[in-house]
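A quick write-up on the structure given underneath.
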Amino acid sequence: MGNITLCKDYSSEITIVSNCFIDRYMNDANDAQIKIYLYLLRRLSAQDPLTVGTIADRFNLTEKDVIRALKYWDKKKVISLSFNSSGSLTCIQLLDLNDAEKRKTGTEDAAKSGNDREMADRTAFSIIEEKAKDTVKVVDFSNKKTYSPQELMEFKNRPEISQLLFITETYLGKTLRPDEISSILFMNDTYGFSAELIEYLIEYCANNKKTNIKYIESVGRSWAETGITTVDEAKARTEHAPKEVYEVFRAFGISGRNPIEPEISYVIKWNRVYGFSIEIICEACSRTIMSIHSASFEYADTILTNWRDAGVKGMDDIMRLDAEHAAKPSGKGNAGSGMGKKQADNSSGFANFGQRKYDFAQLERDALKN
């Protein structure tokens, strides 16, 4: 077929789109991101006020969708966002895309020349696994710091924190309560999480329809416990769960969905930190099902934590603990009742550790609340 000539028979106002945008950025962006960027170019010549709400109404999007699109272009260095001290978006600066290309790091250039992204993510995940073996930070959210009004104001005066709180409110779709603000600040102040990492944490939870601050806290805690300190490490953790997680899923009879936090964190802790084989982990899952008739990572964690405290290294140690428990007076009735070994072991709730008293029904209720 021959060449096509593109022409027009009118002269009117025009919106100029950089060839660099078309060649390098448009293919990777979704429809909403492209529409919003083009609309920003168009509005450069407009005189009426521009708000997140007006952009959302223009394309029948939510304000959260608009913020996500703006943050996408901000991370791509296509635009630059500015926020005031209260966290409100005040300025959108459209950047020179040719300059943006020059600002790209050598790492990104190397990735374009042949490094496979999935391989890079899996490499990052292997780093997390190594860190998890040696890094266990125990910080209890129940003892999290309560910040004074003056301390809160000092935090909010930091541009990155002010922006983070604004983005968090956008993702959660509400104004943050003081205790929720304290939770966000606690992760920054005590865990050492950067604003960027906390933002990814909020985005990850919101995308999984988990906007309860208790759930967000539990994910943040699990990341801190296993040594996650960067967004790349968090992405590797959430996007490439280790194969052991899926084996635990099979042991629990879970199917039809992908693993989420803190399920991934539990398995990493059991396998990498506690050093248990998948055989021992699945044994704990089996005993969990037989005891409470449902899949509970919290219940299995209690079993495996007790086994670790008792020095369990292999299945022989578990069998020895079973025998020791059966020999105790409290276990004789079960041992002679004619039930199978596992039924006898679990008839009292958790047979292996008579030396500890736990209300497992209450533990399960508490876990379900979160």
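The values are calculated or read from the model by the stated rules, or taken from the named source; none is laboratory data. Predicted model, so just to flag it, every value in this text is computed and none were measured. All Cβ positions, even for glycine, are placed from backbone atoms using ideal geometry, and neighbour counts span all protein chains on display.
Per-structure values
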quantity	calculated
Every residue from the stretch 213-241 that is of a type in the set (S, T, N, Q) and not in a helix (DSSP H, G or I)	226, 229, 230
Filter result for the condition that a residue is modelled with pLDDT of 75 or more and under 23 Å from the mean Cα position of the chain (by Cα), over 96, 121, 134, 179	179
Count of the stretch 248-263 residues which are in a helix (DSSP H, G or I) and crowded, with 24+ Cβ neighbours inside 10 Å	1
Number of the exception - residue 214 against (1) crowded, with 21+ Cβ neighbours inside 10 Å; (2) in the same structural domain as residue 203 (by TED's automatic domain parsing)	(1)
Among residues of the stretch 231-269, those that are at pLDDT 85 or above, among the hydroxyl-bearing types (Ser, Thr, Tyr) and farther than 13 Å from residue 300 by Cα, counted	1
Extreme residue, surrounded by the fewest Cβ atoms within 10 Å (Cβ to Cβ), among residues of the stretch 57-84 that are touching a strand residue (DSSP E or B) at 6+ places or on another chain (Cβ under 7 Å) and part of a helix (DSSP H, G or I)	74
Whichever residue in the stretch 181-197 is assigned to a helix (DSSP H, G or I) and of a type in the set (Val, Ile, Thr) and, among such residues, is surrounded by the fewest Cβ atoms within 10 Å (Cβ to Cβ)	181
Set 171, 200: member being under 26 Å from residue 298 (Cα atoms), outside the structural domain of residue 263 (by TED's automatic domain parsing) and part of a helix (DSSP H, G or I)	200
